[in-house]
Amino acid sequence: MGKVVMYSSVSVDGFVADENDQPGPLFDWLTSGDVALDESGVLKVSRASYDYIRPYWDQIGVTVVGRHVFDLTDGWDGKPPGGMDHLVVVTHRPAPDGWDPDAPFHFVDGIEAAVAKAQELAGDRLVEVAAGDVGGQVLAAGLVDEVRMDVVPVIFGAGKRYFGSVHAQHLLEDPDVVLQSDRVLHLRYQVRH
């Protein structure tokens, strides 16, 4: 079974979006470089970011997100972002009316069931859990192995927190990756279990 990794770009003060669910400049580093990150030609990063992010993306088998993110993105038009084979949506509601049942999205009630489904689908590949409320719940349940953050030099002051509403202390190991790039600091921590 592959590792479970909590991941997102984040402001210096710990937010993944502002109070209006907008990422603001959090993803500017993904479009301001000179090395294509994928085939779209839209995502272009610095060489240092590419060398760090591309191998990580290539290991991801499934991404887990909350229903809120799914709804905000209109379900990515039925195509998981980043070329994922499957996407697991944590929700208490069924798929939207008219949703294509053949789209590689799995609507699962509860974080434990969602992570189990994602691990089943991912096999030996990584399970990525989007930071925010769902990511925080997965961390609090002891199901996260690694925390990755792309820290962007901006302060939001308020908004959607990287760790959601986690109210307990969770220990991480010292960072095993600290990589400075253009307009982003890549950090990786192993979670103490």
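The values are calculated or read from the model by the stated rules, or taken from the named source; none is laboratory data. Keep in mind it's a predicted model, so treat the numbers as computed, not measured. Neighbour counts are summed over all protein chains in view; Cβ atoms, including those assigned to glycine, are modelled from backbone coordinates with ideal geometry. We work out accessible area using only protein heavy atoms, side chains counted, and drop any ligands, DNA or RNA first. Shrake-Rupley method; radii C 1.70, N 1.55, O 1.52, S 1.80 Å.
Points to keep in mind about this one:
- In segment 124-166, the residue that is surrounded by the fewest Cβ atoms within 10 Å (Cβ to Cβ) out of those that are touching a strand residue (DSSP E or B) at 6+ places or on another chain (Cβ under 9 Å) and in a helix (DSSP H, G or I) is ASP133.
- Residue in segment 31-70 that is nearest to ALA114 (Cα to Cα), counting only those that are part of a helix (DSSP H, G or I) and among the hydroxyl-bearing types (Ser, Thr, Tyr): TYR56
- Pairs where the first residue, in segment 173-193, is among the aromatic types (Phe, Trp, Tyr) and the second is part of a strand (DSSP E or B) and open to solvent by less than 60 Å² (accessible area, probe 1.4 Å), C-beta under 6 Å, 6+ apart: TYR189/VAL147; TYR189/LEU172
- Candidate set: segment 84-98, residues that are under 12 Å from ASP71 (Cα atoms) and of a type in the set (A, V, I, L, M, F, W, C); chosen: the one most open to solvent (accessible area, probe 1.4 Å): ALA95
- Selection status of LEU121, surrounded by 18 or more Cβ atoms within 10 Å (Cβ to Cβ), touching a residue at least 60 places away in the same chain (Cβ under 8 Å) and over 21 Å from VAL10 (Cβ atoms): yes
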